[in-house]
Amino acid sequence: MTESPDRRPLSRDFFDRPVLEVAPDLLGRTLIRDTDDGPIELRLTEVEAYAGAVDPGSHAFRGRTARNEVMFGPPGHAYVYFTYGMWHCLNLVCGPEGMASGVLLRAGEIGVGAELARKRRISARHDRELAKGPARLATALDVDRALNGADVCAGPDAPLSILTGTPVPTDQVRSGPRTGVGGDGAVHPWRFWIDGDPSVSPYRAHAPRKRRT
């Protein structure tokens, strides 16, 4: 049986490009999470690019640490971090090895396996909210630090994989400032989303934390 073109896995060469090329090109692609209870498939609708040492908003801006080690490795791997003591977020490493750039997966539309995602996102009022935001996306897909470093180009038996899906025409892609990024990193229009898609998360500007007096 001939494999459907949209079901072919993305190659490592896809990720071995500058982050600002990879990020918008991920929109419309299919992310598959193979859980113990069955697969969950998500169509990516919103992402953000982070450009390593030249990007104040990146976890890798100040160099290599135990937390961001995966970002300095080969492209096509998952970088999963824990934030605010509550949530996980899923990123895909891209660019040449050692450059530490990556794409944060901010939102998507869940198709296959929506019933599994609903069990993990019981507060979602509609299916379009199951993965509306990076923490919600990771929760819906059962992503945690155990998947940090997972190879998304490893093939169909991998816990995470990316398929070709249906790339989004460039005239449907919008860009703007990244959510919650402050300082010098706030000026970069490196958030990309599909125009008008209901699963895209709302933009929120950076709000500096108030110091306690």
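The values are calculated or read from the model by the stated rules, or taken from the named source; none is laboratory data. As the structure is a prediction and not an experimental result, all values here were calculated from the model. Because the Cβ atoms are built from the backbone with ideal geometry, glycine has one as well, and the counts that use them run over all protein chains shown. Keep in mind that these areas ignore ligands, DNA and RNA; they rest on the heavy atoms of the full protein, side chains included. Shrake-Rupley method; radii C 1.70, N 1.55, O 1.52, S 1.80 Å.
One residue stands out in region 34-59 among those that are within 24 Å of Glu115 (Cα to Cα) and of a type in the set (S, T, N, Q): the one that is least open to solvent (accessible area, probe 1.4 Å), namely Thr45. Taking region 136-158 as the range and being of a type in the set (Gly, Ala, Ser) and either buried (at least 19 other Cβ atoms within 10 Å of the Cβ) or out of contact with any strand residue (DSSP E or B) (no Cβ under 9 Å at 6 or more places or on another chain) (or both) as the test, the residues that pass are Ala138, Ala140, Ala150. The number of residues in region 6-33 that are surrounded by fewer than 16 Cβ atoms within 10 Å (Cβ to Cβ) and within 30 Å of Arg118 (Cβ to Cβ) comes to 3.
Taking region 23-94 as the region of interest, the strands (runs of 3 or more DSSP E) fully inside it that hold 1 or more residues being of a type in the set (Lys, Arg) and closer than 25 Å to Ile194 by Cα are 30-35, 38-50.
Within region 95-154, which residues are part of a helix (DSSP H, G or I) and either touching a Cys at 6+ places or on another chain (Cβ under 8 Å) or among the hydrophobic types (A, V, I, L, M, F, W, C) (or both)? Answer for region 95-154, where residues must be part of a helix (DSSP H, G or I) and either touching a Cys at 6+ places or on another chain (Cβ under 8 Å) or among the hydrophobic types (A, V, I, L, M, F, W, C) (or both): Ala114, Leu116, Ala117, Pro134, Ala135, Leu137, Ala138, Ala140, Ala146, Leu147. Listed by first and then second residue, the pairs linking a residue in region 20-32 that is at negative phi to a residue that is assigned to a helix (DSSP H, G or I) and modelled with pLDDT of 95 or more, with Cβ atoms under 7 Å apart and 6 or more places separating them unless they lie on different chains, are Val22/Phe15.
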